[in-house]
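The values are calculated or read from the model by the stated rules, or taken from the named source; none is laboratory data. Everything quoted here is computed from the prediction, not taken from an experiment. Cβ atoms come from the backbone with ideal geometry, glycine included; neighbour counts cover every protein chain shown. In case anyone asks, the SASA skips ligands and DNA or RNA and just uses the protein heavy atoms, side chains included. Shrake-Rupley method; radii C 1.70, N 1.55, O 1.52, S 1.80 Å.
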Amino acid sequence: MSLVVVGSMAFDAIETPFGKSDKIIGGAGTYIAWSASNFCKPIKQISVVGGDFPQEQLDALTARGVDLEGVQIKKDEKTFFWSGRYHMDMNTRDTLVTELNVLENFQPIVPDSYQDCEFLMLGNLHPAVQKSVIQQLKNRPKLIAMDTMNFWMEIAMDDLKDLISMVDLLMVNDSEARELSGEYSLVKAAKKIMVMGPEYLVIKKGEHGALLFHKQHVFFAPALPLEEVFDPTGAGDTFAGGFIGHLAKTKDISFENMKTAIIMGSAMASFCVEKFGTQRLTEITKADIDARLEEFVQLVNFGIALV
Ligand code: AMP
(Lines give C-alpha, C1' and ligand atoms only; values in the text may rest on other atoms or scores of the structure.)
Protein backbone atom coordinates (compact mmCIF):
# COMPACT_ATOMS: atom_id res chain seq x y z
CA MET A 1 0.00 0.00 0.00
CA SER A 2 1.44 3.37 -0.87
CA LEU A 3 1.22 7.10 -1.35
CA VAL A 4 1.35 8.23 -4.97
CA VAL A 5 2.26 11.89 -5.61
CA VAL A 6 1.64 13.63 -8.92
CA GLY A 7 2.89 17.14 -9.64
CA SER A 8 5.26 19.42 -11.49
CA MET A 9 9.02 19.19 -11.04
CA ALA A 10 10.49 22.49 -12.09
CA PHE A 11 13.02 25.24 -12.25
CA ASP A 12 11.84 28.37 -10.45
CA ALA A 13 13.19 31.91 -10.31
CA ILE A 14 11.93 33.86 -7.32
CA GLU A 15 11.97 37.54 -6.47
CA THR A 16 11.02 38.80 -3.03
CA PRO A 17 11.36 42.32 -1.59
CA PHE A 18 14.43 40.98 0.22
CA GLY A 19 16.25 38.97 -2.42
CA LYS A 20 16.28 37.20 -5.73
CA SER A 21 17.16 33.60 -6.61
CA ASP A 22 18.82 32.20 -9.72
CA LYS A 23 17.10 29.27 -11.39
CA ILE A 24 16.52 26.89 -8.49
CA ILE A 25 14.77 23.55 -8.11
CA GLY A 26 11.04 23.81 -7.48
CA GLY A 27 7.76 22.31 -8.60
CA ALA A 28 4.68 21.25 -6.69
CA GLY A 29 5.56 17.54 -6.91
CA THR A 30 9.09 18.18 -5.66
CA TYR A 31 7.92 20.05 -2.56
CA ILE A 32 5.20 17.48 -1.80
CA ALA A 33 7.67 14.59 -2.07
CA TRP A 34 10.31 16.21 0.17
CA SER A 35 7.69 17.02 2.76
CA ALA A 36 5.73 13.72 2.72
CA SER A 37 8.91 11.65 2.90
CA ASN A 38 9.22 12.71 6.54
CA PHE A 39 6.10 10.68 7.31
CA CYS A 40 5.99 7.59 5.11
CA LYS A 41 8.01 5.68 2.54
CA PRO A 42 8.14 4.98 -0.30
CA ILE A 43 6.57 7.97 -1.99
CA LYS A 44 5.74 6.95 -5.56
CA GLN A 45 6.28 9.99 -7.74
CA ILE A 46 4.67 10.78 -11.12
CA SER A 47 6.05 13.72 -13.08
CA VAL A 48 8.15 14.75 -16.05
CA VAL A 49 11.45 16.63 -16.38
CA GLY A 50 13.73 17.61 -19.25
CA GLY A 51 17.32 16.54 -19.88
CA ASP A 52 18.43 19.73 -18.10
CA PHE A 53 17.09 18.60 -14.68
CA PRO A 54 20.10 17.79 -12.47
CA GLN A 55 20.65 14.08 -11.86
CA GLU A 56 21.90 14.82 -8.32
CA GLN A 57 18.48 16.29 -7.48
CA LEU A 58 16.81 13.08 -8.59
CA ASP A 59 19.37 11.06 -6.62
CA ALA A 60 18.68 13.14 -3.50
CA LEU A 61 14.97 12.33 -3.76
CA THR A 62 15.71 8.64 -4.30
CA ALA A 63 17.92 8.64 -1.21
CA ARG A 64 14.99 10.15 0.67
CA GLY A 65 12.75 7.19 -0.22
CA VAL A 66 11.04 8.70 -3.26
CA ASP A 67 10.46 6.12 -6.02
CA LEU A 68 10.98 7.85 -9.39
CA GLU A 69 9.84 5.04 -11.72
CA GLY A 70 6.88 7.22 -12.73
CA VAL A 71 9.03 10.27 -13.51
CA GLN A 72 9.63 10.60 -17.26
CA ILE A 73 12.92 12.17 -18.38
CA LYS A 74 12.61 13.82 -21.82
CA LYS A 75 16.29 14.11 -22.70
CA ASP A 76 15.88 16.56 -25.60
CA GLU A 77 13.37 18.85 -23.93
CA LYS A 78 13.42 21.51 -21.24
CA THR A 79 12.05 21.25 -17.72
CA PHE A 80 8.97 23.32 -16.76
CA PHE A 81 9.99 26.84 -15.71
CA TRP A 82 8.08 29.20 -13.44
CA SER A 83 9.03 32.63 -12.18
CA GLY A 84 7.23 34.75 -9.59
CA ARG A 85 7.59 38.02 -7.70
CA TYR A 86 6.26 38.50 -4.17
CA HIS A 87 4.67 41.69 -2.91
CA MET A 88 5.80 43.38 0.29
CA ASP A 89 3.38 41.33 2.45
CA MET A 90 4.85 38.05 1.05
CA ASN A 91 1.30 36.65 0.95
CA THR A 92 0.54 37.75 -2.57
CA ARG A 93 2.61 37.29 -5.70
CA ASP A 94 2.55 37.82 -9.43
CA THR A 95 3.50 35.09 -11.85
CA LEU A 96 6.09 36.58 -14.20
CA VAL A 97 6.76 33.58 -16.46
CA THR A 98 5.19 30.15 -17.00
CA GLU A 99 7.05 28.06 -19.59
CA LEU A 100 5.29 24.72 -19.77
CA ASN A 101 8.06 23.03 -21.85
CA VAL A 102 7.86 19.28 -21.00
CA LEU A 103 4.47 19.79 -19.34
CA GLU A 104 2.95 20.90 -22.65
CA ASN A 105 2.41 17.34 -23.92
CA PHE A 106 2.84 15.40 -20.71
CA GLN A 107 1.01 12.09 -20.65
CA PRO A 108 1.57 10.42 -17.30
CA ILE A 109 2.10 6.67 -17.26
CA VAL A 110 1.27 4.92 -13.99
CA PRO A 111 3.77 2.06 -13.49
CA ASP A 112 2.37 -1.36 -12.46
CA SER A 113 4.26 -1.06 -9.18
CA TYR A 114 2.12 1.99 -8.31
CA GLN A 115 -1.17 0.07 -8.57
CA ASP A 116 -1.16 -0.54 -4.81
CA CYS A 117 -1.89 3.19 -4.37
CA GLU A 118 -3.96 3.77 -1.23
CA PHE A 119 -3.49 7.54 -0.97
CA LEU A 120 -3.29 9.72 -4.08
CA MET A 121 -2.07 13.31 -3.90
CA LEU A 122 -2.71 15.15 -7.15
CA GLY A 123 -0.39 18.16 -6.98
CA ASN A 124 -0.59 21.16 -9.24
CA LEU A 125 -0.71 20.17 -12.95
CA HIS A 126 -3.18 20.40 -15.83
CA PRO A 127 -6.45 18.89 -14.51
CA ALA A 128 -6.67 16.55 -17.51
CA VAL A 129 -3.26 15.14 -16.57
CA GLN A 130 -4.36 14.73 -12.95
CA LYS A 131 -7.51 12.94 -14.16
CA SER A 132 -5.55 10.59 -16.38
CA VAL A 133 -3.73 9.25 -13.30
CA ILE A 134 -7.04 8.48 -11.56
CA GLN A 135 -8.26 6.71 -14.69
CA GLN A 136 -5.16 4.53 -14.92
CA LEU A 137 -5.54 3.19 -11.38
CA LYS A 138 -7.34 -0.18 -11.37
CA ASN A 139 -8.66 0.26 -7.82
CA ARG A 140 -9.91 3.53 -6.40
CA PRO A 141 -7.55 4.80 -3.66
CA LYS A 142 -8.85 5.18 -0.11
CA LEU A 143 -8.40 8.95 -0.45
CA ILE A 144 -7.90 11.16 -3.50
CA ALA A 145 -6.71 14.67 -2.64
CA MET A 146 -5.95 17.39 -5.15
CA ASP A 147 -4.39 20.82 -5.28
CA THR A 148 -4.68 23.29 -8.12
CA MET A 149 -4.11 26.96 -8.87
CA ASN A 150 -5.69 30.00 -10.53
CA PHE A 151 -3.62 29.38 -13.71
CA TRP A 152 -5.73 26.28 -14.48
CA MET A 153 -8.98 28.06 -13.50
CA GLU A 154 -8.24 30.60 -16.18
CA ILE A 155 -7.38 28.20 -19.02
CA ALA A 156 -9.07 24.88 -18.16
CA MET A 157 -12.07 25.55 -15.88
CA ASP A 158 -14.27 22.83 -17.44
CA ASP A 159 -11.58 20.16 -17.02
CA LEU A 160 -10.98 21.41 -13.50
CA LYS A 161 -14.64 21.17 -12.47
CA ASP A 162 -14.83 17.70 -13.99
CA LEU A 163 -11.85 16.58 -11.90
CA ILE A 164 -13.08 18.28 -8.72
CA SER A 165 -16.24 16.17 -8.95
CA MET A 166 -14.06 13.00 -8.75
CA VAL A 167 -11.93 13.73 -5.68
CA ASP A 168 -12.48 13.38 -1.93
CA LEU A 169 -10.50 16.42 -0.83
CA LEU A 170 -9.59 19.69 -2.53
CA MET A 171 -6.87 22.06 -1.35
CA VAL A 172 -6.77 25.63 -2.58
CA ASN A 173 -5.72 28.99 -1.22
CA ASP A 174 -8.23 31.68 -0.24
CA SER A 175 -8.10 33.64 -3.51
CA GLU A 176 -8.48 30.40 -5.52
CA ALA A 177 -11.51 29.39 -3.39
CA ARG A 178 -13.06 32.78 -4.14
CA GLU A 179 -12.31 32.51 -7.87
CA LEU A 180 -13.69 28.97 -8.07
CA SER A 181 -16.91 29.72 -6.19
CA GLY A 182 -17.56 33.36 -7.06
CA GLU A 183 -18.11 34.00 -3.33
CA TYR A 184 -16.07 36.38 -1.15
CA SER A 185 -17.05 34.77 2.16
CA LEU A 186 -14.88 31.67 2.59
CA VAL A 187 -17.69 29.91 4.46
CA LYS A 188 -20.06 30.43 1.52
CA ALA A 189 -17.26 29.53 -0.90
CA ALA A 190 -16.62 26.28 0.99
CA LYS A 191 -20.30 25.31 0.85
CA LYS A 192 -20.43 25.90 -2.91
CA ILE A 193 -17.19 24.03 -3.56
CA MET A 194 -18.26 20.98 -1.53
CA VAL A 195 -21.43 20.81 -3.66
CA MET A 196 -19.08 20.41 -6.67
CA GLY A 197 -17.92 17.03 -5.29
CA PRO A 198 -15.24 16.93 -2.59
CA GLU A 199 -16.38 15.92 0.90
CA TYR A 200 -13.43 17.73 2.43
CA LEU A 201 -12.00 21.13 1.59
CA VAL A 202 -8.81 22.74 2.85
CA ILE A 203 -8.44 26.49 2.32
CA LYS A 204 -4.87 27.71 2.85
CA LYS A 205 -4.45 31.30 3.99
CA GLY A 206 -0.67 31.68 3.94
CA GLU A 207 0.60 33.31 7.12
CA HIS A 208 -2.99 33.33 8.40
CA GLY A 209 -3.22 29.55 8.69
CA ALA A 210 -5.57 27.01 7.14
CA LEU A 211 -9.23 26.00 7.36
CA LEU A 212 -10.59 22.46 7.03
CA PHE A 213 -14.25 22.05 6.05
CA HIS A 214 -16.35 18.88 6.11
CA LYS A 215 -20.16 18.96 5.99
CA GLN A 216 -21.15 21.37 8.79
CA HIS A 217 -17.78 21.14 10.57
CA VAL A 218 -14.92 23.64 10.39
CA PHE A 219 -11.46 23.42 11.91
CA PHE A 220 -8.85 26.17 11.91
CA ALA A 221 -5.11 25.99 12.51
CA PRO A 222 -2.90 29.08 12.59
CA ALA A 223 0.43 29.31 10.83
CA LEU A 224 3.40 29.58 13.15
CA PRO A 225 4.33 33.25 13.58
CA LEU A 226 7.87 33.41 12.19
CA GLU A 227 10.40 36.17 12.66
CA GLU A 228 11.53 35.91 9.05
CA VAL A 229 9.82 34.60 5.94
CA PHE A 230 12.46 34.26 3.29
CA ASP A 231 10.60 32.64 0.38
CA PRO A 232 6.96 31.41 0.56
CA THR A 233 7.23 29.47 -2.73
CA GLY A 234 6.14 25.87 -2.30
CA ALA A 235 4.69 26.44 1.17
CA GLY A 236 1.27 25.27 -0.06
CA ASP A 237 2.74 22.12 -1.60
CA THR A 238 4.87 21.45 1.46
CA PHE A 239 1.70 21.80 3.54
CA ALA A 240 0.01 19.27 1.23
CA GLY A 241 2.95 16.86 1.65
CA GLY A 242 2.80 16.99 5.44
CA PHE A 243 -0.99 16.65 5.40
CA ILE A 244 -1.20 13.64 3.08
CA GLY A 245 1.99 12.11 4.53
CA HIS A 246 0.43 12.02 7.98
CA LEU A 247 -2.81 10.49 6.64
CA ALA A 248 -0.90 7.86 4.66
CA LYS A 249 1.23 7.01 7.70
CA THR A 250 -1.75 6.61 10.03
CA LYS A 251 -4.17 5.24 7.37
CA ASP A 252 -6.94 7.10 9.17
CA ILE A 253 -9.09 9.46 7.09
CA SER A 254 -11.45 10.59 9.84
CA PHE A 255 -12.13 14.32 10.29
CA GLU A 256 -10.42 14.12 13.70
CA ASN A 257 -7.22 12.76 12.18
CA MET A 258 -7.37 15.35 9.40
CA LYS A 259 -7.16 18.02 12.11
CA THR A 260 -3.82 16.53 13.17
CA ALA A 261 -2.81 16.37 9.50
CA ILE A 262 -3.49 20.11 9.18
CA ILE A 263 -1.07 20.76 12.04
CA MET A 264 1.55 18.48 10.42
CA GLY A 265 1.13 20.38 7.14
CA SER A 266 1.42 23.74 8.88
CA ALA A 267 4.57 22.67 10.73
CA MET A 268 6.20 21.49 7.48
CA ALA A 269 5.23 24.70 5.66
CA SER A 270 6.86 26.75 8.42
CA PHE A 271 10.21 25.18 7.52
CA CYS A 272 9.78 25.64 3.77
CA VAL A 273 9.64 29.44 3.96
CA GLU A 274 12.86 29.78 5.94
CA LYS A 275 15.14 29.49 2.88
CA PHE A 276 14.88 29.76 -0.89
CA GLY A 277 13.35 26.81 -2.73
CA THR A 278 13.54 23.29 -1.29
CA GLN A 279 16.79 23.99 0.57
CA ARG A 280 15.38 24.00 4.11
CA LEU A 281 13.35 20.83 3.49
CA THR A 282 16.51 18.94 2.59
CA GLU A 283 18.11 19.83 5.94
CA ILE A 284 15.50 19.19 8.62
CA THR A 285 15.47 16.17 10.92
CA LYS A 286 12.75 14.39 12.87
CA ALA A 287 13.93 16.24 15.99
CA ASP A 288 13.39 19.60 14.20
CA ILE A 289 9.86 18.55 13.22
CA ASP A 290 9.02 17.34 16.73
CA ALA A 291 10.28 20.62 18.24
CA ARG A 292 8.16 22.61 15.84
CA LEU A 293 5.07 20.55 16.57
CA GLU A 294 5.62 21.31 20.25
CA GLU A 295 5.72 25.04 19.38
CA PHE A 296 2.34 24.60 17.68
CA VAL A 297 0.88 22.90 20.72
CA GLN A 298 2.07 25.79 22.90
CA LEU A 299 0.78 28.38 20.41
CA VAL A 300 -2.84 27.22 20.58
CA ASN A 301 -2.93 25.81 24.10
CA PHE A 302 -5.20 27.90 26.26
CA GLY A 303 -7.90 27.33 28.84
CA ILE A 304 -10.89 29.54 29.43
CA ALA A 305 -12.89 29.54 32.63
CA LEU A 306 -16.52 29.93 31.58
CA VAL A 307 -18.35 32.04 34.16
P1 AMP B 1 2.99 27.13 -4.19
O2 AMP B 1 3.90 28.24 -3.74
O3 AMP B 1 2.77 26.08 -3.13
O4 AMP B 1 1.73 27.61 -4.82
O5 AMP B 1 3.76 26.35 -5.35
C6 AMP B 1 4.79 26.89 -6.10
C7 AMP B 1 5.33 25.85 -7.07
O8 AMP B 1 4.33 25.56 -8.06
C9 AMP B 1 6.55 26.34 -7.80
O10 AMP B 1 7.68 25.58 -7.40
C11 AMP B 1 6.23 26.17 -9.29
O12 AMP B 1 7.24 25.49 -9.99
C13 AMP B 1 4.94 25.38 -9.32
N14 AMP B 1 4.01 25.88 -10.34
C15 AMP B 1 3.75 27.18 -10.64
N16 AMP B 1 2.85 27.26 -11.64
C17 AMP B 1 2.52 26.00 -11.97
C18 AMP B 1 1.63 25.41 -12.94
N19 AMP B 1 0.89 26.16 -13.76
N20 AMP B 1 1.55 24.07 -12.99
C21 AMP B 1 2.27 23.29 -12.17
N22 AMP B 1 3.13 23.77 -11.24
C23 AMP B 1 3.26 25.11 -11.13
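Laid out as a table, the results:
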item	result
Candidate aspartates and glutamates - alpha carbon under 14 Å from LYS131, same-chain residues fewer than 8 apart omitted	ASP147, ASP158, ASP159, ASP162, ASP168
Solvent-accessible area per residue for the range 191-307 (1.4 angstrom probe, square angstrom)	49 Å²
Length-normalised contact order for the chain - Cα pairs under 8 Å, 6+ apart - percent	17 percent
P(r) histogram, all alpha-carbon pairs of the range 109-262 included - 5 Å bins from 0, percent	2, 9, 19, 23, 21, 15, 8, 3, 1, 0
Whole-percent carbon and sulfur share, accessible surface of the chain, 1.4 Å	52 percent
Listed pairs LYS259/LYS286; LYS161/LYS259; LYS75/LYS275; LYS161/LYS188 exceeding 23 Å between Cα atoms	LYS161/LYS259; LYS75/LYS275
Rounded to whole Hz, the Karplus (6.51, -1.76, 1.60) HN-Hα couplings of the range 209-214, x for glycine and proline	x, 8, 10, 10, 10, 7
Packing-based order for 26-37, 293-304, using average beta carbon neighbours within 10 Å, highest first	26-37, 293-304
Per-q log10 I(q)/I(0), the chain, q = 0.07, 0.09, 0.12, 0.16 Å⁻¹ (Debye; single scatterer per alpha-carbon; no solvent)	-0.24, -0.40, -0.73, -1.42
Cα gyration tensor category, rounded, prolate or oblate, for the range 201-307 with a/c compared to 1.5	prolate
Charge dipole magnitude, Cβ of K and R +1, D and E -1 - the range 1-87, Cα centre, debye nearest 20	180 debye
Qualifying chymotrypsin sites (Phe, Trp or Tyr not before Pro) in the range 167-243, DSSP loop, other Cβ atoms within 10 Å at most 14	TYR184
Nonlocal amide H pairs with SER8, under 5 Å, H built at 1.01 Å	ALA28, GLY29, ASN124
Cross-link reach list, aspartates and glutamates versus LYS41, counting only Cα pairs under 14 Å and skipping chain neighbours closer than eight places	ASP67, ASP116, GLU118
Cα gyration tensor, the range 50-185 - rounded (a/c under 1.5), prolate or oblate	oblate
Solvent exposure of the range 120-167 as accessible area per residue, Å², 1.4 Å probe	40 Å²
Probe 1.4 Å, protein heavy atoms only - accessible area per residue of the range 1-83 in square angstrom	38 Å²
Förster-model FRET efficiency, 45 Å R0, TYR184 and ALA63, C-beta, rounded to 0.05	0.50
J(HN,Hα) series, the range 186-192, from Karplus relation 6.51 cos²θ - 1.76 cosθ + 1.60, nearest Hz, glycine and proline x	5, 5, 5, 4, 4, 4, 5
Segment LYS259-PHE302, extension gain: residue separation times 0.36 nm, minus the distance between their alpha carbons	13.7 nm
Mean shadow area of the range 148-192, taken as a quarter of the surface of its Cα convex hull (nm²)	2.9 nm²
Zero-based 5 Å bins, Cα pair distances in the range 54-121, whole percents	3, 11, 15, 16, 19, 16, 11, 6, 1, 0
